[in-house]
């Protein structure tokens, strides 16, 4: 999927991908607002299904791009015995057992932990985490959408992304004072470093699929922290 997206980008316009990194949290905020609205509406209609419906809306709005990345990353990182084999498996469009299980668990946990406040924060922090990974971590392949991001994103784009995410988180903190929002920010930062560090011990650099898995994981971490805070 990442390769197909990269082929749709005109070569002389690839710089927009780097500049877009700075705006990732804004995309996350819009996505979160839509998912939160769906979740609150379904709470009035059929509360047990609210989380599943909101998650389904998120998957549809993103074209299943990130869950597809999670599946490919799971297949490659756990299914290959060498760095070369892992990268080759991640490039394969077929889905294996690790990918299917990763998607099932991720979607089920996201639906179980879903909440309106979580929906507002999780997509924003997750995309700020990707902005950090694009700029600060090496990329594995010479071509592809992820390569265009890596080549054209700069530290200033990452800083703008985190500034936007920080302002959004501050607004949520003022609306709902407590330890949950700061804890979620810290947890996502730790998750991002831990996940990408582990990946780099398996392959020589990140890929678009790893970015997708990072988003899915960061959203799960945020939802879990806010769920624990609400208990």
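The values are calculated or read from the model by the stated rules, or taken from the named source; none is laboratory data. As the structure is a computational prediction, the values presented were derived from the model and not from experiment. No Cβ is skipped: glycine too gets one built from the backbone with ideal geometry, and neighbour counts run over all protein chains shown.
Scanning segment 68-86 for residues that are part of a helix (DSSP H, G or I) and over 18 Å from residue 100 (Cα atoms) turns up 83, 84, 85.
Residues are listed down the side, and each one gets a yes or a no for (1) at pLDDT 95 or above; (2) outside any helix (DSSP H, G or I); (3) over 20 Å from residue 114 (Cα atoms):
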| site | (1), (2), (3) |
| --- | --- |
| 19 | no, no, yes |
| 28 | yes, no, no |
| 43 | no, no, no |
| 52 | yes, no, no |
| 58 | yes, no, no |
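Within segment 120-137, the only residue that satisfies the criterion of being farther than 24 Å from residue 30 by Cα and out of contact with any strand residue (DSSP E or B) (no Cβ under 7 Å at 6 or more places or on another chain) is 136. For residue 171, the conditions (1) assigned to a helix (DSSP H, G or I); (2) more than 30 Å from residue 115 (Cα to Cα); (3) free of Cβ contacts under 8 Å to residues at least 60 places away in the same chain all hold with the exception of (2). Apart from one condition, residue 60 fits all of (1) without any contact (Cβ under 8 Å) to a residue 60 or more places away in the chain; (2) closer than 18 Å to residue 220 by Cα; (3) surrounded by 14 or more Cβ atoms within 10 Å (Cβ to Cβ); the exception is (3).
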